[in-house]
């Protein structure tokens with residue numbers, strides 16, 4: 001597996017109960033492999049949608065640094081998950097050791 005390129009790994013399937021199933025973890029709406037760089041577009045669209053819904057009308061088009069909506073990137077999602085896991089680990093270790 002380590003010798004395969006990302007594109008080659010995306011094309012791998014296994015036999016499932018109802019036919020072939022992709023081995024790739026992230027799939028699009030059609031059930032096909034989701035390209036890694038596609039996440040940038042997903043986050044960009046979600047950020048635009050959040051800004052549109054959460055920014056009060058009187059602030060639209062004003063200072064772009066005054067943020068009313070959350071702004072997320074794949075990196076911030078990864079960082080948030082790592083921080084969450086660290087908090088859980090600390091909690092579990094505290095419980096274990098009293």
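The values are calculated or read from the model by the stated rules, or taken from the named source; none is laboratory data. If you're wondering where the values come from, they're calculated on a predicted model, not measured in any experiment. Glycine gets a Cβ as well: all are built from the backbone with ideal geometry, and neighbour counts include every protein chain shown.
Filter the helices (runs of 4 or more DSSP H) completely within the chain down to those with at least 1 residues that are loosely packed, with under 10 Cβ neighbours inside 10 Å and without any contact (Cβ under 8 Å) to a residue 12 or more places away in the chain. Steps first, answer last, please.
Numbers: elements: 6-10, 38-54, 74-97.
Here the list reads 6-10, 74-97.
If we keep just the residues of the stretch 13-29 that are at pLDDT 85 or above and within 22 Å of the chain's Cα centre (by Cα), which is farthest from residue 75 (Cα to Cα)? Steps first, answer last, please.
First, pick out the residues of the stretch 13-29 that are at pLDDT 85 or above: 13-24.
The next check asks that each one be within 22 Å of the chain's Cα centre (by Cα); those that pass are 21-24.
Working: 21: 28, 22: 25, 23: 24, 24: 20 Å.
For the stretch 13-29, the residue satisfying everything is 21.
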